[in-house]
1. Quick check on my link table: of K161/K482; K297/K393; K49/K386; K161/K394; K236/K423, which ones sit more than 28 Å apart, alpha carbon to alpha carbon?
2. Quote the relative contact order of the range 250-312 in percent (integer), defining contacts as alpha-carbon pairs under 8 Å separated by 6+ residues.
3. Just check the range 284-342 against the gyration tensor rule for me: Cα atoms, a ≥ b ≥ c as the square roots of the eigenvalues, rounded for a/c under 1.5, and otherwise prolate or oblate depending on whether a/b exceeds b/c.
4. Given charges of +1 on the Cβ of Lys and Arg and -1 on the Cβ of Asp and Glu, with all other atoms neutral, how large is the dipole of the range 537-795 about its Cα centre, in debye to the nearest 20?
5. Quick one: net charge around A157, please, counting Lys, Arg +1 and Asp, Glu -1 for every other residue with C-beta under 15 Å from its C-beta.
6. What net charge do the residues around L238 carry, taking every other residue with its C-beta under 11 Å from that of L238, with Lys and Arg at +1 and Asp and Glu at -1?
7. With a point put 7 Å past each Cα toward its Cβ, work out how far K49 is from K684 in nm, to one decimal.
8. For the range 701-709, take each phi angle, set θ = phi - 60°, evaluate the Karplus expression 6.51 cos²θ - 1.76 cosθ + 1.60, and give the result in whole Hz per residue in order, putting x for glycine and proline.
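Derivation of every value follows stated rules applied to the coordinates shown; laboratory data play no part. Since this is a predicted model, take the numbers as computed values, not measurements. For neighbour counting, all protein chains shown are included, and Cβ atoms are generated from backbone atoms with ideal geometry for every residue, glycine included.
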Amino acid sequence: MSYSILLVISLCWINISSPDLILCSVNARDLHFTRTMIFAIEEINNSTKLLPGFRLGYQIYDTCSAVPVAVHVAFQLSNGQDAVFYKGSNCSQSSVVMAVIGDSGSTPSISMSRILGSFNIPLVSHFATCACLSDKHQYPTFFRTIPSDYYQAAALAKLVKHFGWTWIGAIHSDSYYGNYGMATFLETAYREGICVEYIESFDWTHPQSKIQRLADVIRRSTATVVVAFTSPGDMKILLKELALQPGPSRQWIGSEAWITDSSLMSFTFCTGAIGVAIQKSVIPGLRDFLLDLSPSKVASSSVLTEFWEDVFNCTLRKTSHPNKRACDGTEDIKTLKSPYTETSQLRVSNMVYKAVYAIAHAIHNVVCHKKNATIHCNKYIRLEPKQVLTELKKINISQNGYHISFDKNGDPIAFYELVNWQKSESAIIEPVTVGYYDASLPMGEQFRINRNLTWLEDGTQVVPVSVCSERCPPGTRKVLQKGKPICCYDCLSCPEGEISNMTDAPDCILCPKEFWPNTEKNSCFPKPVEFLSFGEVLSIILATFSVSGACLAIFAAVIFFRHRSTPIVRANNSELSFLLLFSLTLCFLCALTFIGAPSRWSCMLRHTAFGITFVLCISCVLGKTIVVLMAFKATLPGSNAMKWFGPPQQRLTVLTFTFIQVIICTVWLVLSPPFPVKNLTTYKEKIILECALGSVVGFWSVLGYIGLLAIFCFALAVLARKLPDNFNEAKMITFSMLIFCAVWITFIPAYVSSPGKFTVAVEIFAILASSFGLILCIFAPKCFIILFQPEKNNKKSLMNKN
């Protein structure tokens, strides 16, 4: 039941009696509001500071929460109320309505405000919270002492978001209050990333089948949290239906209309419900006023009589209930537990109290003024509702410690308490204040929780989970499920090379090109730099062979030097042999330049040193091959071939071939030399530090020139391999060049296909393999004879023909 309270100003010096209350039925909570209004009026009438010499009169109507009744009352008030108070010559316009307090519901208030607004009659509501009523174009005379649902909806959405609930159910009353409130809530909730599994509206007047269907929807839903923007009457009907067949536990989020209603707290399965409520208050003297009822006082009012008979189950009127026992006077209202006597949680009552005082101060500001610390009032003023309306907009006072003012939309500053249904030690559910929401504070500081909460099923530690999909951890991204809300998604691991460093990332981000994700794919780390370092096992093995080969060449040179006068050394052109051993030593040591981190100088050195030393080596072999051929021709009668290819010509041949390679390398280094580069393409997860060729033409020119000399040398060696000598050096050269060409022909595809540091390893292997092939084929047999078969190291053995 809800009331529209009519305040009438009567400029009289005589007492004005209160008319009887006209009601549809009795509701303890609304009777509490009505008596609070009467208390405030009597307090004002007894005041010497507020409206001194004036008395406020009132009439109370019950709209029965029905729009037709509310419209009828509004028209009745607009037409005036003649003969409402005592008539007298000192009364002025006693029938004119100055202001109206009400209605408790938004829907009746909307209808009444449209009518009363046409006559500039202010309507101040204590419980109508629909955000639509803030529209001053449609409701120019509407005010309220309770905050708008706009702030309530925002507070509820922030509350849901605060606990991480993104998958909820939503129900609301099929009224202006429920429809507008839920619409505002959903608008805010969607901005906060909250999804709604279902939205259902209902009214206590709907068929029972619809209430049952709604209860089934709540039972079958996957959402643990249910936001209810309903009136207390509607909520009670729904909870009764749910209590018949209890389903899974639900975390209820309530609007201020029902979250503090004590009549609903008997439903124990709602323990842990959370909601926003009007701030608790203290009104001195109100409890004594409410409890100051006796059978004699009650009998003078039909409404109080009906209330008394209802709560004590007795009758004061013998004719009304012949079957009931008569009230014997032992009934004590102080022992009664009812919404009427409940004053420990004064919330809406304070809104009624503030509404009465707001109107009284507005009237006071019209009829009274202060002069020399004395209040002077014009008792004969012709007061108009429009004057009260104008002053009401300016109200900015404090009453009983509570601030009263209205903004440009007729709304007060929004302040809510956060209420949690908790069981007391006596197992009784009580609304406990656990925090607050203050819309006047900066964004981010408006919502505070300062006490522990009780959750569904009496849990106090673990916050209930209500999500369509679990949150995606860092390293994954959200992929929406087809045909479902944005809160329903799958978590997919980030693609290769990408990361996500936050929870519920919509997309993964690509790591910078020199970075790579860690195993969890939630952070980018610098890619490891890879090159053939001296500390690796492979490098140690190659370096060992390189140094061993150089030592072997030096060892052979020492042997040749110590036995330089022996026939086998002299017969094999000792000068070219020493030069060849020197070049082979350089070739072996050249491999070391390929190991280690590439630098600008090492890149230029490794390729040019490799190219020049190998040409020097092949030139020496080529010279030795030509010497063999010329020596054979010199044995023929009449031949003077050795005259044209003596030692000077041999030296010139080696220098000429080598100088050509020097020119090629010089041009390469001048135009486009090799340089260190970070290879980011071969491997995505690491950086290969290598030497770029600079000019590809220069690189392949160096290799091509070496290959050309090697083929030419191989061809000459093949021609000389069957010369009739017991020790034919051309045969050894043939084998060595065969190995050399085989190695480098194999090197080309291996070099191109080897990844990363193995490219360098292949190049080193080719250098070492070809160098070992030359030294073993050309010098090993000779050293073996010199060291182990010295009897064969003579001219006779060398010249013996088989």
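1. Details: K161/K482 24 Å; K297/K393 38 Å; K49/K386 23 Å; K161/K394 37 Å; K236/K423 19 Å.
Check vs 28 Å cut-off fails for K297/K393; K161/K394.
2. Reported as a whole number, the value is 28 percent.
3. Values: a/c = 2.26, a/b = 1.87, b/c = 1.20.
Since a/c reaches 1.5 and a/b is larger than b/c, the shape of the range 284-342 is classed as prolate.
4. Details: 19 positive and 7 negative charges, 76 e Å.
The dipole magnitude comes to about 360 debye.
5. Net charge in that neighbourhood comes out at -1.
6. Values: positive: K210, K236, K240; negative: E200, D203, D234, E241.
Spelling it out: positives minus negatives among the neighbours equals -1.
7. Rounded to a tenth, the inter-label distance reads 7.8 nm.
8. 5, 4, 5, x, 5, 4, x, 5, 5
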